[in-house]
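What follows is a set of notes on a single structure, which appears directly below.
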Amino acid sequence: TEGSEAFILDGMEKLLENSPNVKIMFEYSPWLIAAGGTQPQDFLQKLFNLGFQLKEISYESTLEDVSIETLLSTSRQHELIAIR
């Protein structure tokens, strides 16, 4: 989605309301999200406000807990999954 993640999340409102166990896998790139017009912190906070916990998909394909603070402390890309 190359920076449009926040807009897609907004468009998924009804789907998210009707799917309590939904999981969202996405590539988190803070500079692309910012270039798309959304502050990365606002996007991440919205996911948490919707009840999601974020996990980073490691190079070994394991899921690791990750916080907003950790994600905001770097400009690198992360492979994430949002789980409720």
Exercise. Collect the residues in segment 1-28 that are touching an Asp or Glu at 6+ places or on another chain (Cβ under 7 Å) and open to solvent by 30 Å² or more (accessible area, probe 1.4 Å), keeping them in residue-number order.
Key: GLU27
Exercise. Mind listing just one residue for me: the one in segment 75-84 that is without any contact (Cβ under 8 Å) to a residue 60 or more places away in the chain and assigned to a strand (DSSP E or B) and, of those, most open to solvent (accessible area, probe 1.4 Å)?
Key: GLU79
Practice problem: Say whether the condition of being within 10 Å of the chain's Cα centre (by Cα), on the phi < 0 side of the Ramachandran plot and open to solvent by 30 Å² or more (accessible area, probe 1.4 Å) is met by at least one residue in segment 64-74. | Solution: no
Practice problem: Mind listing whichever residues of segment 44-58 are under 12 Å from LYS23 (Cβ atoms), of a type in the set (A, V, I, L, M, F, W, C) and open to solvent by 40 Å² or more (accessible area, probe 1.4 Å)? | Solution: ILE57
Quiz item: Within segment 34-44, is there a residue that is closer than 16 Å to ILE83 by Cβ, among the hydroxyl-bearing types (Ser, Thr, Tyr), in contact with a helix residue (DSSP H, G or I) (Cβ under 9 Å, 6 or more places away or on another chain) and in contact (Cβ under 8 Å) with a residue 12 or more places away in the chain?
Solution: no
Quiz prompt | Residue within segment 29-43 that is surrounded by 11 or more Cβ atoms within 10 Å (Cβ to Cβ), part of a loop (DSSP other than H, G, I, E, B) and touching a strand residue (DSSP E or B) at 6+ places or on another chain (Cβ under 7 Å) present | solution = no
Practice problem: Working only within segment 51-66, note down all residues that are closer than 24 Å to GLY11 by Cα and either outside any loop (DSSP other than H, G, I, E, B) or touching a strand residue (DSSP E or B) at 6+ places or on another chain (Cβ under 8 Å) (or both). | Solution: PHE52, GLN53, LEU54, LYS55, GLU56
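The values are calculated or read from the model by the stated rules, or taken from the named source; none is laboratory data. This structure is a prediction, so every number in the text was calculated from the model and none was measured. Backbone-built Cβ (ideal geometry, glycine too); neighbour counts: all protein chains shown. Calculation scope for accessible area: heavy atoms of the full protein, side chains included, ligands and nucleic acids excluded. Shrake-Rupley method; radii C 1.70, N 1.55, O 1.52, S 1.80 Å.
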